[in-house]
Amino acid sequence: MAKAVVKTDKASPAVKNPQNKKNKKKEFWKKYPKFTAKEENVKKVTPALPPKAPEEFSSNWKVLQALLKPETSSPVPTVTNPPKKQDKGLKKEEKVNGKEKPESKPKTVAPKVNGRMTADDKGADTTDKSKEKKRKLPKETHRPALDPKKKPSEESPAEPPKIDLWFDGVDPDDIEAALGPEAGQIARQMKGLPENKSDAVDKVLVKDRAFEGLTRTVAMDCEMVGVGADGEESILARVSIVNQFGKCVYDKFVKPTERVTDYRTAVSGIRPQDIKNGEDYKVVQKEVSEILKGRILVGHAVHNDLKIFFLDHPKKSIRDTQKYKPFKQRAKCARPSLKLLCEKILNVKVQTGEHCSIQDAQAAMRLYTMEKKNWEASIKAKYIRTKKEPPKKTTSSSSL
(Lines give C-alpha, C1' and ligand atoms only; values in the text may rest on other atoms or scores of the structure.)
Protein backbone atom coordinates (compact mmCIF):
# COMPACT_ATOMS: atom_id res chain seq x y z
CA MET A 1 0.00 0.00 0.00
CA ALA A 2 1.14 3.49 -0.74
CA LYS A 3 1.82 5.93 2.10
CA ALA A 4 -0.43 8.97 2.52
CA VAL A 5 1.34 12.29 2.38
CA VAL A 6 0.41 14.77 5.21
CA LYS A 7 0.79 18.48 4.46
CA THR A 8 2.01 20.76 7.25
CA ASP A 9 1.36 24.50 7.81
CA LYS A 10 5.00 25.42 7.27
CA ALA A 11 4.92 24.18 3.74
CA SER A 12 1.91 26.31 2.79
CA PRO A 13 3.33 29.63 1.50
CA ALA A 14 -0.07 31.16 0.92
CA VAL A 15 -0.84 31.70 4.68
CA LYS A 16 0.61 34.95 6.03
CA ASN A 17 1.67 35.40 9.64
CA PRO A 18 0.18 38.65 11.08
CA GLN A 19 2.75 38.77 13.89
CA ASN A 20 5.58 39.30 11.41
CA LYS A 21 3.79 42.33 9.99
CA LYS A 22 3.47 43.92 13.39
CA ASN A 23 7.13 43.43 14.12
CA LYS A 24 8.06 45.01 10.81
CA LYS A 25 5.86 48.04 11.51
CA LYS A 26 7.40 48.54 14.92
CA GLU A 27 10.90 48.50 13.48
CA PHE A 28 9.87 50.96 10.78
CA TRP A 29 8.26 53.50 13.08
CA LYS A 30 11.20 53.33 15.46
CA LYS A 31 13.37 54.63 12.69
CA TYR A 32 10.86 57.42 11.86
CA PRO A 33 9.41 58.79 15.18
CA LYS A 34 7.98 61.96 13.56
CA PHE A 35 5.54 59.98 11.50
CA THR A 36 4.36 58.13 14.58
CA ALA A 37 3.20 61.37 16.27
CA LYS A 38 1.27 62.37 13.17
CA GLU A 39 -0.31 59.00 12.88
CA GLU A 40 -1.36 58.98 16.50
CA ASN A 41 -3.13 62.34 16.03
CA VAL A 42 -4.85 61.11 12.90
CA LYS A 43 -6.12 57.96 14.53
CA LYS A 44 -9.69 58.21 15.69
CA VAL A 45 -10.93 56.35 18.69
CA THR A 46 -14.32 54.87 18.18
CA PRO A 47 -16.46 55.30 21.30
CA ALA A 48 -17.72 52.20 22.98
CA LEU A 49 -21.44 51.96 22.52
CA PRO A 50 -23.63 50.53 25.24
CA PRO A 51 -24.81 46.99 24.65
CA LYS A 52 -28.16 46.59 23.00
CA ALA A 53 -29.11 43.11 24.05
CA PRO A 54 -29.32 42.04 27.68
CA GLU A 55 -26.99 39.13 26.93
CA GLU A 56 -24.17 41.50 26.06
CA PHE A 57 -24.06 43.08 29.52
CA SER A 58 -20.86 42.24 31.32
CA SER A 59 -20.46 41.80 35.05
CA ASN A 60 -18.68 45.17 35.40
CA TRP A 61 -21.45 46.99 33.58
CA LYS A 62 -24.05 45.43 35.88
CA VAL A 63 -22.07 46.59 38.97
CA LEU A 64 -21.89 50.14 37.57
CA GLN A 65 -25.64 50.20 36.95
CA ALA A 66 -26.26 49.02 40.52
CA LEU A 67 -24.15 51.90 41.89
CA LEU A 68 -25.91 54.49 39.76
CA LYS A 69 -29.44 53.39 40.59
CA PRO A 70 -29.71 54.89 44.15
CA GLU A 71 -28.44 58.29 42.88
CA THR A 72 -31.02 58.47 40.10
CA SER A 73 -33.81 57.22 42.36
CA SER A 74 -33.13 59.85 45.10
CA PRO A 75 -35.15 63.09 44.71
CA VAL A 76 -33.20 65.99 43.29
CA PRO A 77 -32.83 68.83 45.89
CA THR A 78 -34.50 72.08 45.00
CA VAL A 79 -32.11 74.80 43.91
CA THR A 80 -32.95 78.48 44.18
CA ASN A 81 -32.48 80.77 41.23
CA PRO A 82 -28.80 81.85 41.11
CA PRO A 83 -27.82 85.44 40.37
CA LYS A 84 -27.92 86.71 36.80
CA LYS A 85 -24.14 86.45 36.30
CA GLN A 86 -24.19 82.64 36.69
CA ASP A 87 -27.36 82.01 34.65
CA LYS A 88 -25.43 81.16 31.46
CA GLY A 89 -23.50 78.34 33.04
CA LEU A 90 -26.59 76.82 34.65
CA LYS A 91 -28.85 76.96 31.58
CA LYS A 92 -27.09 73.91 30.07
CA GLU A 93 -28.91 70.66 30.67
CA GLU A 94 -27.08 68.11 32.76
CA LYS A 95 -27.12 64.51 31.74
CA VAL A 96 -26.69 61.50 33.98
CA ASN A 97 -26.32 58.14 32.32
CA GLY A 98 -27.63 59.56 29.07
CA LYS A 99 -30.84 60.85 30.70
CA GLU A 100 -31.83 64.47 31.32
CA LYS A 101 -32.52 65.67 34.86
CA PRO A 102 -36.01 67.03 35.53
CA GLU A 103 -35.90 70.83 35.72
CA SER A 104 -36.55 72.27 39.19
CA LYS A 105 -39.46 74.69 39.34
CA PRO A 106 -38.46 78.24 40.39
CA LYS A 107 -39.83 79.35 43.71
CA THR A 108 -42.17 82.30 43.77
CA VAL A 109 -40.86 85.06 46.05
CA ALA A 110 -43.49 86.91 48.08
CA PRO A 111 -43.39 90.73 48.03
CA LYS A 112 -41.60 92.49 50.89
CA VAL A 113 -43.33 94.96 53.20
CA ASN A 114 -41.09 97.74 54.56
CA GLY A 115 -37.98 95.75 53.69
CA ARG A 116 -39.14 92.67 55.68
CA MET A 117 -40.53 89.33 54.54
CA THR A 118 -44.10 88.46 55.40
CA ALA A 119 -45.08 85.69 57.79
CA ASP A 120 -45.76 83.26 54.87
CA ASP A 121 -42.08 83.24 53.92
CA LYS A 122 -40.86 81.98 57.30
CA GLY A 123 -40.83 78.39 56.04
CA ALA A 124 -38.24 79.15 53.35
CA ASP A 125 -34.90 77.36 53.41
CA THR A 126 -32.40 79.07 55.69
CA THR A 127 -29.54 77.73 53.61
CA ASP A 128 -30.78 79.57 50.53
CA LYS A 129 -30.99 82.86 52.48
CA SER A 130 -27.46 82.49 53.78
CA LYS A 131 -26.19 81.96 50.23
CA GLU A 132 -28.00 85.03 48.99
CA LYS A 133 -26.56 87.12 51.83
CA LYS A 134 -23.05 85.94 51.04
CA ARG A 135 -23.50 86.87 47.41
CA LYS A 136 -24.80 90.35 48.26
CA LEU A 137 -22.00 91.22 50.67
CA PRO A 138 -19.39 92.20 48.05
CA LYS A 139 -21.90 94.51 46.33
CA GLU A 140 -22.50 96.52 49.51
CA THR A 141 -18.83 97.02 50.37
CA HIS A 142 -18.73 100.37 48.58
CA ARG A 143 -21.24 101.88 51.01
CA PRO A 144 -19.81 103.94 53.92
CA ALA A 145 -19.75 102.12 57.23
CA LEU A 146 -22.16 103.51 59.81
CA ASP A 147 -21.31 104.02 63.44
CA PRO A 148 -22.74 101.04 65.43
CA LYS A 149 -23.67 103.36 68.33
CA LYS A 150 -25.76 105.62 66.11
CA LYS A 151 -28.68 103.76 64.57
CA PRO A 152 -30.42 105.61 61.74
CA SER A 153 -33.99 106.36 62.78
CA GLU A 154 -36.58 106.79 60.08
CA GLU A 155 -38.81 108.91 62.32
CA SER A 156 -36.12 111.37 63.39
CA PRO A 157 -37.40 114.95 63.06
CA ALA A 158 -35.76 117.12 60.45
CA GLU A 159 -33.52 119.90 61.72
CA PRO A 160 -34.95 123.41 61.43
CA PRO A 161 -33.43 125.47 58.63
CA LYS A 162 -30.78 127.90 59.77
CA ILE A 163 -31.55 131.56 59.27
CA ASP A 164 -28.76 133.74 57.90
CA LEU A 165 -28.52 136.65 60.34
CA TRP A 166 -26.57 139.73 59.35
CA PHE A 167 -27.51 141.88 62.38
CA ASP A 168 -24.58 143.20 64.40
CA GLY A 169 -25.01 144.55 67.92
CA VAL A 170 -28.70 143.57 68.07
CA ASP A 171 -30.13 142.02 71.22
CA PRO A 172 -31.11 138.35 70.69
CA ASP A 173 -34.38 139.04 72.53
CA ASP A 174 -35.32 141.64 69.91
CA ILE A 175 -34.42 139.20 67.12
CA GLU A 176 -36.56 136.54 68.77
CA ALA A 177 -39.51 138.92 69.02
CA ALA A 178 -39.18 139.92 65.35
CA LEU A 179 -38.22 136.66 63.61
CA GLY A 180 -39.25 133.96 66.05
CA PRO A 181 -37.66 131.66 68.66
CA GLU A 182 -35.43 129.85 66.12
CA ALA A 183 -33.79 133.10 65.05
CA GLY A 184 -33.27 134.13 68.67
CA GLN A 185 -31.66 130.78 69.45
CA ILE A 186 -29.26 131.12 66.50
CA ALA A 187 -28.38 134.70 67.54
CA ARG A 188 -27.52 133.54 71.08
CA GLN A 189 -25.35 130.75 69.68
CA MET A 190 -23.47 133.24 67.47
CA LYS A 191 -22.79 135.48 70.48
CA GLY A 192 -21.88 132.54 72.73
CA LEU A 193 -24.81 133.09 75.09
CA PRO A 194 -26.81 130.23 76.63
CA GLU A 195 -30.34 129.60 75.40
CA ASN A 196 -31.98 130.39 78.74
CA LYS A 197 -32.06 134.09 79.64
CA SER A 198 -31.50 133.50 83.37
CA ASP A 199 -28.43 131.38 82.59
CA ALA A 200 -27.06 134.18 80.42
CA VAL A 201 -27.47 136.70 83.26
CA ASP A 202 -25.95 134.35 85.86
CA LYS A 203 -22.97 133.78 83.57
CA VAL A 204 -22.17 137.51 83.72
CA LEU A 205 -23.05 138.22 87.35
CA VAL A 206 -21.68 135.09 89.06
CA LYS A 207 -18.12 133.81 88.90
CA ASP A 208 -18.02 130.12 88.11
CA ARG A 209 -16.29 127.74 90.54
CA ALA A 210 -15.63 130.50 93.08
CA PHE A 211 -15.59 130.59 96.88
CA GLU A 212 -19.12 130.20 98.29
CA GLY A 213 -18.57 131.48 101.82
CA LEU A 214 -18.51 134.93 103.39
CA THR A 215 -15.96 137.42 102.07
CA ARG A 216 -14.74 140.80 103.32
CA THR A 217 -17.14 142.52 100.89
CA VAL A 218 -20.83 141.57 100.69
CA ALA A 219 -23.84 142.92 98.79
CA MET A 220 -27.36 143.08 100.18
CA ASP A 221 -30.81 143.66 98.69
CA CYS A 222 -34.29 143.53 100.24
CA GLU A 223 -37.86 143.17 98.96
CA MET A 224 -40.75 144.93 100.67
CA VAL A 225 -44.53 144.59 100.76
CA GLY A 226 -47.15 147.29 101.48
CA VAL A 227 -49.11 147.68 104.69
CA GLY A 228 -51.61 150.22 105.90
CA ALA A 229 -54.85 151.43 104.38
CA ASP A 230 -53.38 152.31 100.96
CA GLY A 231 -50.40 149.93 101.09
CA GLU A 232 -47.97 152.84 100.87
CA GLU A 233 -45.98 151.93 103.99
CA SER A 234 -43.38 149.18 103.57
CA ILE A 235 -42.24 146.27 105.73
CA LEU A 236 -39.53 143.68 105.12
CA ALA A 237 -40.53 140.50 103.21
CA ARG A 238 -37.22 139.06 101.95
CA VAL A 239 -33.49 139.69 102.37
CA SER A 240 -30.60 138.28 100.31
CA ILE A 241 -26.84 138.63 100.77
CA VAL A 242 -24.14 137.55 98.28
CA ASN A 243 -20.36 137.41 98.60
CA GLN A 244 -17.74 139.12 96.44
CA PHE A 245 -18.07 136.47 93.68
CA GLY A 246 -21.87 136.64 93.45
CA LYS A 247 -22.52 133.46 95.43
CA CYS A 248 -25.57 133.65 97.69
CA VAL A 249 -24.64 133.27 101.36
CA TYR A 250 -27.93 134.33 102.99
CA ASP A 251 -31.54 134.34 101.69
CA LYS A 252 -34.66 134.30 103.89
CA PHE A 253 -38.31 135.27 103.73
CA VAL A 254 -39.56 137.28 106.71
CA LYS A 255 -42.90 136.80 108.43
CA PRO A 256 -44.90 140.07 108.30
CA THR A 257 -45.37 141.94 111.58
CA GLU A 258 -48.53 143.68 110.24
CA ARG A 259 -51.40 142.79 107.96
CA VAL A 260 -50.25 143.04 104.34
CA THR A 261 -52.54 145.06 102.10
CA ASP A 262 -50.38 145.06 98.95
CA TYR A 263 -47.92 142.28 98.13
CA ARG A 264 -46.57 144.19 95.08
CA THR A 265 -46.02 140.83 93.35
CA ALA A 266 -45.41 142.38 89.92
CA VAL A 267 -42.33 144.16 91.30
CA SER A 268 -41.34 142.34 94.51
CA GLY A 269 -42.17 138.79 93.38
CA ILE A 270 -43.59 138.10 96.86
CA ARG A 271 -46.70 135.91 97.25
CA PRO A 272 -48.73 135.12 100.38
CA GLN A 273 -47.39 131.53 100.61
CA ASP A 274 -43.80 132.83 100.59
CA ILE A 275 -44.00 134.88 103.77
CA LYS A 276 -46.72 132.90 105.53
CA ASN A 277 -44.15 130.53 107.09
CA GLY A 278 -41.21 132.97 106.97
CA GLU A 279 -38.55 133.65 109.64
CA ASP A 280 -39.25 135.94 112.56
CA TYR A 281 -38.22 139.55 111.93
CA LYS A 282 -36.03 139.87 115.06
CA VAL A 283 -34.11 136.68 114.22
CA VAL A 284 -33.37 137.94 110.71
CA GLN A 285 -32.36 141.37 112.03
CA LYS A 286 -29.84 139.83 114.43
CA GLU A 287 -28.36 137.48 111.81
CA VAL A 288 -27.95 140.26 109.23
CA SER A 289 -26.28 142.61 111.73
CA GLU A 290 -23.73 139.91 112.58
CA ILE A 291 -22.93 139.32 108.90
CA LEU A 292 -22.45 143.05 108.14
CA LYS A 293 -20.26 143.75 111.17
CA GLY A 294 -16.72 144.73 110.05
CA ARG A 295 -17.45 144.19 106.33
CA ILE A 296 -17.83 146.46 103.31
CA LEU A 297 -21.50 146.67 102.30
CA VAL A 298 -22.43 147.03 98.62
CA GLY A 299 -25.91 147.79 97.35
CA HIS A 300 -28.12 150.01 95.22
CA ALA A 301 -29.80 152.70 97.35
CA VAL A 302 -28.60 150.62 100.27
CA HIS A 303 -29.73 153.25 102.82
CA ASN A 304 -33.33 152.03 102.27
CA ASP A 305 -32.33 148.46 103.12
CA LEU A 306 -30.58 149.55 106.33
CA LYS A 307 -33.55 151.70 107.25
CA ILE A 308 -35.99 148.77 107.04
CA PHE A 309 -33.75 146.83 109.47
CA PHE A 310 -33.29 149.77 111.83
CA LEU A 311 -29.56 149.21 111.44
CA ASP A 312 -26.65 151.63 111.13
CA HIS A 313 -23.44 150.96 109.20
CA PRO A 314 -20.24 153.06 108.96
CA LYS A 315 -20.38 155.41 105.98
CA LYS A 316 -16.75 154.59 105.17
CA SER A 317 -17.74 150.92 104.60
CA ILE A 318 -20.71 151.55 102.30
CA ARG A 319 -20.48 151.30 98.49
CA ASP A 320 -23.72 152.58 96.94
CA THR A 321 -23.91 152.08 93.16
CA GLN A 322 -26.63 154.74 92.89
CA LYS A 323 -24.36 157.45 94.34
CA TYR A 324 -21.10 156.60 92.55
CA LYS A 325 -20.26 159.58 90.29
CA PRO A 326 -18.64 157.67 87.34
CA PHE A 327 -21.81 155.56 87.08
CA LYS A 328 -23.96 158.70 87.04
CA GLN A 329 -21.85 160.13 84.23
CA ARG A 330 -22.12 156.98 82.08
CA ALA A 331 -25.87 156.66 82.61
CA LYS A 332 -26.33 160.45 82.25
CA CYS A 333 -28.73 160.43 85.17
CA ALA A 334 -28.58 161.93 88.66
CA ARG A 335 -30.23 158.89 90.26
CA PRO A 336 -29.79 155.96 87.85
CA SER A 337 -31.73 152.76 88.46
CA LEU A 338 -30.02 149.39 88.80
CA LYS A 339 -31.68 148.22 85.56
CA LEU A 340 -30.24 151.19 83.63
CA LEU A 341 -26.73 150.69 85.01
CA CYS A 342 -26.74 147.00 84.08
CA GLU A 343 -27.82 147.78 80.51
CA LYS A 344 -25.26 150.58 80.03
CA ILE A 345 -22.26 149.06 81.81
CA LEU A 346 -22.76 145.27 82.03
CA ASN A 347 -24.82 144.88 78.83
CA VAL A 348 -27.23 142.65 80.78
CA LYS A 349 -30.95 142.99 81.33
CA VAL A 350 -32.23 142.61 84.90
CA GLN A 351 -35.57 143.36 86.53
CA THR A 352 -37.42 142.63 83.28
CA GLY A 353 -40.32 141.13 85.25
CA GLU A 354 -40.65 140.29 88.91
CA HIS A 355 -37.60 141.40 90.89
CA CYS A 356 -35.32 138.90 92.61
CA SER A 357 -33.35 140.13 95.60
CA ILE A 358 -30.52 137.66 94.92
CA GLN A 359 -30.09 138.85 91.33
CA ASP A 360 -30.24 142.52 92.34
CA ALA A 361 -27.53 141.97 94.96
CA GLN A 362 -25.39 140.11 92.39
CA ALA A 363 -25.80 142.97 89.89
CA ALA A 364 -24.73 145.57 92.47
CA MET A 365 -21.70 143.46 93.42
CA ARG A 366 -20.67 143.02 89.78
CA LEU A 367 -20.84 146.78 89.20
CA TYR A 368 -18.64 147.31 92.24
CA THR A 369 -16.02 144.70 91.28
CA MET A 370 -15.66 146.27 87.81
CA GLU A 371 -14.72 149.63 89.37
CA LYS A 372 -13.21 148.31 92.58
CA LYS A 373 -9.67 149.66 92.09
CA ASN A 374 -10.75 153.15 91.09
CA TRP A 375 -13.53 153.24 93.65
CA GLU A 376 -11.32 152.20 96.56
CA ALA A 377 -8.54 154.56 95.44
CA SER A 378 -10.93 157.53 95.39
CA ILE A 379 -12.27 156.73 98.88
CA LYS A 380 -8.74 156.30 100.24
CA ALA A 381 -7.64 159.63 98.77
CA LYS A 382 -10.74 161.34 100.13
CA TYR A 383 -10.15 160.24 103.72
CA ILE A 384 -6.40 160.95 103.57
CA ARG A 385 -7.16 164.48 102.39
CA THR A 386 -9.56 165.11 105.26
CA LYS A 387 -6.96 163.95 107.81
CA LYS A 388 -4.22 166.22 106.44
CA GLU A 389 -6.36 169.34 106.28
CA PRO A 390 -6.43 171.08 109.73
CA PRO A 391 -9.80 172.22 111.03
CA LYS A 392 -10.66 175.75 110.15
CA LYS A 393 -10.22 178.28 113.06
CA THR A 394 -13.11 180.61 113.76
CA THR A 395 -11.90 184.23 114.00
CA SER A 396 -13.48 186.05 116.94
CA SER A 397 -14.47 189.66 116.40
CA SER A 398 -12.18 192.08 118.33
CA SER A 399 -13.90 194.21 120.90
CA LEU A 400 -13.86 197.83 120.15
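The values are calculated or read from the model by the stated rules, or taken from the named source; none is laboratory data. Given the structure is predicted, the values throughout are model-derived calculations rather than measurements. Backbone-built Cβ (ideal geometry, glycine too); neighbour counts: all protein chains shown. Protein only, heavy atoms only, side chains kept; ligands, DNA and RNA dropped before computing areas. Shrake-Rupley method; radii C 1.70, N 1.55, O 1.52, S 1.80 Å.
State yes or no: is Ala219 closer than 13 Å to Gln359 by Cα, touching a strand residue (DSSP E or B) at 6+ places or on another chain (Cβ under 7 Å) and either open to solvent by 60 Å² or more (accessible area, probe 1.4 Å) or not acidic (Asp, Glu) (or both)? When the stated conditions are applied, Ala219 passes them.
Filter region 336-382 down to residues that are small (Gly, Ala, Ser) and surrounded by fewer than 21 Cβ atoms within 10 Å (Cβ to Cβ) and give me whichever is nearest to Pro172 (Cα to Cα). Applying the filter and picking the extreme gives Gly353. Only residues that are within 24 Å of Val225 (Cβ to Cβ) and touching a residue at least 12 places away in the same chain (Cβ under 8 Å) were counted in region 305-320, giving 7. Considering region 293-321 alone, what residues qualify as being assigned to a loop (DSSP other than H, G, I, E, B), under 22 Å from Ile235 (Cβ atoms) and not charged (D, E, K, R)? Once the filter is applied, which keeps residues that are assigned to a loop (DSSP other than H, G, I, E, B), under 22 Å from Ile235 (Cβ atoms) and not charged (D, E, K, R), region 293-321 yields His300, Ala301, Phe310, Leu311, His313. Whether a residue is closer than 20 Å to His355 by Cβ, open to solvent by less than 20 Å² (accessible area, probe 1.4 Å), part of a loop (DSSP other than H, G, I, E, B) and aliphatic (A, V, I, L, M) was assessed, and Ile270 passes this test. Of the residues making up region 323-335, just one is of a type outside the set (Lys, Arg), surrounded by 15 or more Cβ atoms within 10 Å (Cβ to Cβ) and over 46 Å from the mean Cα position of the chain (by Cα), namely Tyr324.
The set of residues from region 253-267 being closer than 18 Å to Tyr281 by Cα, part of a loop (DSSP other than H, G, I, E, B) and either open to solvent by less than 60 Å² (accessible area, probe 1.4 Å) or out of contact with any Lys or Arg (no Cβ under 8 Å at 6 or more places or on another chain) (or both) comprises Pro256, Thr257, Glu258, Arg259.
Going by the structure shown, is Gly169 within 22 Å of Arg366 (Cα to Cα), surrounded by fewer than 13 Cβ atoms within 10 Å (Cβ to Cβ) and at pLDDT 60 or above? Here the answer is no, as Gly169 does not meet what is asked. Against the list (1) touching a residue at least 60 places away in the same chain (Cβ under 8 Å); (2) farther than 20 Å from Ala364 by Cα; (3) open to solvent by 70 Å² or more (accessible area, probe 1.4 Å), the condition Leu214 fails is (2).
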